[in-house]
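The next block holds one structure in the form of structure tokens; read it before the comments.
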Amino acid sequence: MNPELLTDEERAIYEWQMLLPGFGETAQRRLKAASVLVSRVGGVGGAVALQLAAAGVGRLVLAHGGDLKPSDLNRQLLQRHERIGMPRMDSILEQLKALNPRLELVAVQENISSENASTLVQQADVVVDAAPLFSERFALNKAAVCHRKPMVESAMYAMEAQLTTIVPGKTPCLRCFVREAPQHWTRKFPVLGAVSGSVGCMAAVEVVKVLTGLGEPLAGVLLSMDLGTMQFRRLKIARALDCPECAELWDASGASAND
């Protein structure tokens, strides 16, 4: 059987989302055939992975290292209290498989770095950046640009969140609008789980749009959200002519080198 064809069970499970205008079985088959890399499967990335598993994405490559800490439990909904002190990835795989036993999972029990980013990005059709450290974000962005893979960039701090979709050669990349890591940035920062979960769910929507053609992704647009006041702004992102990562993808006229 063609692995991209839907089984009767899958048609029953995804029946309601296939009712979306412009979606149907064709889009569902695209999700089933797709592979998505999620960098960090915590508060934001865990929500992304959970929603993509529920939506029927066929394969998830998950990069997240370390053991579960008590302070993870206010936002990492794929974790369980009794697993404190154990590898985070164990609970992540168990919870995702419980929801979608058809899902193929590739577990990478380490965080993204300049050493592994290229290899992992090549395994995916779309990349999701949900890492808390800028060193990870920059390494993932560089690899996504190099291999021309769309990347959904999602971030949050306290009650604020940002979201955009990067399409190498067609939109600015992360380094176009974030040149250096903020000097004050530390690994520990204020997090409300409902905020990280909200932006994670929205990032999952962006992935589905990129994979299926549904709607309009935030390509070249930064969605800035203040959930404390529920104010949302759409900001146009300009590419940087001297961007260290993606400048070579554009010719002298400003057009994409892929056009």
Checking the condition surrounded by fewer than 19 Cβ atoms within 10 Å (Cβ to Cβ) and at positive phi, which residue from Ala158, Ala194 passes? Ala158
State whether the residues of the range 91-100 include one that is part of a loop (DSSP other than H, G, I, E, B), at negative phi and surrounded by 14 or more Cβ atoms within 10 Å (Cβ to Cβ). yes
Among the residues of the range 168-183, write down those that are out of contact with any Gly (no Cβ under 8 Å at 6 or more places or on another chain), under 25 Å from Gly213 (Cβ atoms) and assigned to a loop (DSSP other than H, G, I, E, B). Gly169, Cys173
Restricting attention to the range 51-72, the residues that are outside any loop (DSSP other than H, G, I, E, B) and either touching a residue at least 60 places away in the same chain (Cβ under 8 Å) or hydroxyl-bearing (Ser, Thr, Tyr) (or both) number exactly 5
Going by the conditions given, is Glu115 of a type in the set (Asp, Glu), surrounded by 24 or more Cβ atoms within 10 Å (Cβ to Cβ) and not in a helix (DSSP H, G or I)? no
Considering residues of the range 81-90 that are free of Cβ contacts under 8 Å to residues at least 12 places away in the same chain and out of contact with any Lys or Arg (no Cβ under 7 Å at 6 or more places or on another chain) only, the residue nearest to Ser196 (Cα to Cα): His81
Flag for Val207 being closer than 24 Å to Ser113 by Cα and modelled with pLDDT of 95 or more: yes
Long-range neighbours under 8 Å by Cβ, at least six apart or interchain, first residue on the phi > 0 side of the Ramachandran plot within the range 1-30, second part of a helix (DSSP H, G or I): Gly24/Met18
Kindly indicate whether any position in the range 129-137 is in a helix (DSSP H, G or I), among the basic types (Lys, Arg) and touching a helix residue (DSSP H, G or I) at 6+ places or on another chain (Cβ under 7 Å). yes
Failed item in (1) over 17 Å from Gly197 (Cβ atoms); (2) in contact (Cβ under 8 Å) with a residue 40 or more places away in the chain; (3) among the charged types (D, E, K, R); (4) touching a helix residue (DSSP H, G or I) at 6+ places or on another chain (Cβ under 6 Å), with Arg75 passing the rest: (1)
Answer yes or no as to whether Arg75 is under 21 Å from the mean Cα position of the chain (by Cα), crowded, with 17+ Cβ neighbours inside 10 Å, basic (Lys, Arg) and part of a loop (DSSP other than H, G, I, E, B). yes
Looking only at the range 15-28, decide whether some residue is modelled with pLDDT of 95 or more, under 30 Å from Gln109 (Cβ atoms) and either in contact with a Phe, Trp or Tyr (Cβ under 9 Å, 6 or more places away or on another chain) or not in a helix (DSSP H, G or I) (or both). no
Identify, by number, the condition in (1) surrounded by 19 or more Cβ atoms within 10 Å (Cβ to Cβ); (2) of a type outside the set (S, T, N, Q); (3) more than 27 Å from Ala54 (Cβ to Cβ) that Ala203 doesn't meet. (3)
Does the range 224-234 contain any residue that is modelled with pLDDT of 95 or more, part of a strand (DSSP E or B) and small (Gly, Ala, Ser)? yes
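The values are calculated or read from the model by the stated rules, or taken from the named source; none is laboratory data. Not measured: the values here are computed from a predicted model. A quick note on method: Cβ atoms are made from the backbone with ideal geometry, for glycine too, and the neighbour counts reach across all protein chains shown.
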